[in-house]
Amino acid sequence: DPILEMRGISKSFPGVKALKNVNLVVRAGEIHAICGENGAGKSTLMKVLSGVYPYGSYEGDIVYQGEERRFSSISDSEHLGVIIIHQELALVPLLSIAENIFLGNEPSRMGVIDWSEAFSRTRDLLKKVGLNESPNALITNIGVGKQQLVEIAKALAKRVKLLILDEPTASLNETDSAALLDLLLEFKRQGLTCIIISHKLNEIARVADSITILRDGSTVETIDCRTEEISEGRIIKSMVGREMSDR
Ligand code: ADP
Ligand code: MG
Ligand code: MG
């Protein structure tokens, strides 16, 4: 059953048609990779989905959990568990891990922020993402791999149902990348649906159940990895529109 259908999505910026009639179907509980060369429209598509670009600024329909959705803001989509982690992390440098996770959403008691509650919830969340750090640690004092895990912990705090990761391993080393992908596979076992943008084909081959390929703002195809053999050559050909040897 699909958890998400994006139908005929088009989105323009001055002088650029970033998305042209794009379709995307994501099954509940799968890891769905979105592939494409730089500028293909991957990030724009996910910004449409998560309300960064609100209803009215794009054409087409979004059906999420069986209903047509017209998100007017990021908080609108977050409310239904659609959480996007952008390529540029949204963490606040001078704040602690706990403050970053609960920023603007702090647990309170009788109108006062309850930091002991926030810290204990943070400890639980950090355990879930496999991060062995104090909730007190400053976000700038942990590495980018760990920062990415804090973003995921933050998504869990918001009760994520559809997690969108825009090139999450772009600035991670091999060890941190592997840990992140393992975590996604673990979340999948627990029922989470995930969309991951990546052009690292080895990573995609490892985690993806489906792959949608975008080229020049259009959907090229969706490959079902359960029934189709995927090869690097095939994906690259689909991404660039010609045999690799022609490049
Ligand atoms: P990808 O994530 O696949 O690299 P993007 O979705 O970021 O691609 O960009 C798709 C196209 O839209 C590119 O031509 C890009 O330059 C353009 N674009 C993206 N965001 C903006 C923006 N905010 N303003 C103008 N053009 C944009
Ligand atoms: Mg890009
Ligand atoms: Mg992008």
| task | Using Cα pairs closer than 8 Å and at least 6 residues apart in sequence, work out the relative contact order for region 93-158, in percent. | result | 45
| said: Between Lys200 and Leu80, what is the label-point separation in nm under the 7 Å Cα-to-beta-carbon projection? | reply: 3.1
| message | Report the Cα centroid-to-centroid distance between region 48-123 and region 136-209 in angstrom, as an integer. | response | 16
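Order these peptides, 143-152, 71-80, by their mean beta-carbon neighbour count within 10 angstrom, highest first.
Top of the packing list down: 143-152, 71-80.
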| query | How far, in nm, would the chain grow between Arg27 and Ile113 when pulled straight, counting 0.36 nm per residue and subtracting the alpha carbon separation? | reply | 27.1 nm
| note | Extension length gain for Asp224 and Ser72 (0.36 nm per residue less Cα distance), in nm, is 51.6 nm
| query | From the cross-link list Lys146/Lys188; Lys146/Lys200; Lys17/Lys146, which pairs have alpha carbons spaced over 26 Å apart? | reply | Lys17/Lys146
| note | From DSSP H assignment alone, runs of 4+ in the chain each adding -39500 (n - 2.57), the sum over residues rounded to the nearest 500 puts [θ] at 222 nm at -9500 deg cm²/dmol
| Paramagnetic label zone (point 7 Å from Cα along Cα-to-C-beta, Glu37; backbone N under 13 Å) in region 183-223 | 214-218
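For Thr227, what charge total do you get from the other residues with a beta carbon under 15 Å from its beta carbon, if Lys and Arg give +1 and Asp and Glu give -1?
Taking every other residue near Thr227 into account, the sum is -3.
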| task | Quote the charge dipole size of the chain about the Cα centre in Debye, to the nearest 20; the model charges only the Cβ of Lys and Arg (+1) and of Asp and Glu (-1). | result | 200
| field | Where labels lie 7 Å past Cα in the beta-carbon direction, separation of Glu232 and Leu138 in nm | value | 4.1
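Any read-out appearing in this document is the output of simple, stated calculations on the displayed coordinates, not a laboratory observation. Predicted model, so just to flag it, every value in this text is computed and none were measured. Glycine also receives a Cβ, built like all others from the backbone with ideal geometry; neighbour counts cover every protein chain displayed.
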